[in-house]
Structure formats: structure tokens, C-alpha cells
Amino acid sequence: MSTDSLPLSALQHWLFCPRQCALIHVERLWEENRLTAEGRILHERADGGIPESRDGIRVLRSVHVASARLGVHGMADVVEMRGRVPFPVEYKRGRPKAHRADEVQLCAQALCLEEMTGQSVPEGALFYGARRRRQVVAFDSALRALTHRVSEEARAAMASGTLPPPVYDAGRCESCSLNALCRPLAQRSAADWVARRLDRAAVPE
């Protein structure tokens with residue numbers, strides 16, 4: 001595995017919020033809140049247990065995956081072997097999102113499995129805890145291209161070691177466990193104050 005290989009979760013974090021991604025994977029900061037705790041418990045339940053077979057499908061749990069081409073590594077919650085074809089299943093708390101961060105993380109798992117097994121992986125599924133049912137995701141060309149682009153962007157940002165500026169979005173920021181460490185509103189206010197001072201200084205008297 002390459003030393004610049006990214007955790008699979010970094011792709012989800014980057015598409016959700018580049019600053020959050022850098023805080024976690026560059027600054028090594030983490031705080032847990034109710035939402036992250038619920039997600040962690042859901043993953044522990046999905047990852048636990050031993051391999052099993054049901055209805056002709058071999059169910060593998062906590063599967064280590066990696067891709068040299070994509071430059072990522074990590075663990076797939078569940079991989080169902082349908083014959084020789086892997087079918088990854090990623091567990092998430094809550095509900096489907098407006099953005100595609102969860103789909104990108106799942107697609108990255110599929111690309112890893114394709115590289116590892118030599119089998120085409122056409123689709124997988126996201127299981128959302130709030131709905132208690134699966135959402136099938138097709139790994140079409142658009143999603144694969146987005147996954148590659150996000151991987152390249154995140155890797156370049158992590159290599160630079162820079163922290164992206166905060167971009168406040170109530171829907172994301174107020175539920176983020178790193179809100180107190182990031183302080184997007186406070187930093188935005190400070191940046192606005194500096195900008196106003198510079199604008200005033202530039203105006204000739």
C-alpha cells in the first residue's frame with residue numbers, strides 16, 4: 001500500500017466538507033457527538049459477527065480493501081459474494097443525503113474490490129439506519145468519474161498540508177461534531193472584519 005494512500009472515509013469527508021476532511025486527516029482532530037456515536041454503534045453492529053451464507057450468498061464482514069490505482073484503503077462493512085461477484089454494503093445512520101458523499105465512498109469500495117478480485121462490480125447498496133432498508137447504488141460512469149476526481153482532489157489537499165477556509169452551511173455545520181474546533185461562524189466573522197479594514201485602508205483620503 002502506498003504511503004500516500006488515503007482512508008476510504010477521507011473521500012466521504014472531502015465531498016461533505018473539505019475543511020472537515022483536513023481537520024480529521026491532516027490535523028488529526030476528532031470529537032464525537034450524538035450523531036457520530038450513533039453511526040459508530042451502527043457500524044459496530046454491521047461489522048461484528050462471522051462470515052455466513054444465506055440464500056446462496058456468502059456474507060463477509062469487516063473486509064479490508066485497497067486500490068493502488070485509486071490510492072485508497074480501508075474497510076468495507078459488508079461484502080456479499082453473489083457467486084464470484086462482490087456486492088458491497090455500507091451502513092450509515094440517518095437518511096439519504098442531497099450530496100453524493102456516501103455514494104462516492106461506496107463506489108470507492110467497489111473499485112477496490114474490482115482491482116482485488118478482477119471481477120466487475122456493477123452495483124452495491126447503502127443501508128440507512130433511519131429508514132431500515134437498503135438503497136441500491138449503480139456504479140455508472142458518472143459516479144466512477146466523480147470518485148476518481150474526489151480521490152485526486154483529496155490526495156492533493158492532504159499532501160499540501162493546508163487547511164481549507166471555513167464555508168458555513170447551517171445544514172452541515174450545525175450537525176458536525178467538529179463545529180467547536182472549526183468555529184466556521186467565528187472565523188468567517190473575523191475574516192470579514194479583516195477584509196473591511198483592508199478595504200478602508202485602500203480608500204485614499
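The values are calculated or read from the model by the stated rules, or taken from the named source; none is laboratory data. Bear in mind that the values here come from a model prediction, so they are computed numbers and not experimental data. Cβ atoms come from the backbone with ideal geometry, glycine included; neighbour counts cover every protein chain shown.
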Matching entry among Arg172, Arg149 (being part of a helix (DSSP H, G or I), modelled with pLDDT under 85 and under 15 Å from the mean Cα position of the chain (by Cα)): Arg172
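Please tell me if Leu111 is surrounded by 14 or more Cβ atoms within 10 Å (Cβ to Cβ), touching an Asp or Glu at 6+ places or on another chain (Cβ under 6 Å) and over 21 Å from Glu52 (Cα atoms).
Working: surrounded by 14 or more Cβ atoms within 10 Å (Cβ to Cβ): yes; touching an Asp or Glu at 6+ places or on another chain (Cβ under 6 Å): no; over 21 Å from Glu52 (Cα atoms): yes.
When the stated conditions are applied, Leu111 does not pass them.
Strands (runs of 3 or more DSSP E) wholly in region 52-130 with at least 3 residues that are touching a residue at least 40 places away in the same chain (Cβ under 8 Å) - which ones? Let's see the steps before the verdict.
Working: elements: 52-54, 57-67, 72-82, 85-92, 123-128.
Filter on region 52-130 gives 57-67, 72-82, 85-92.
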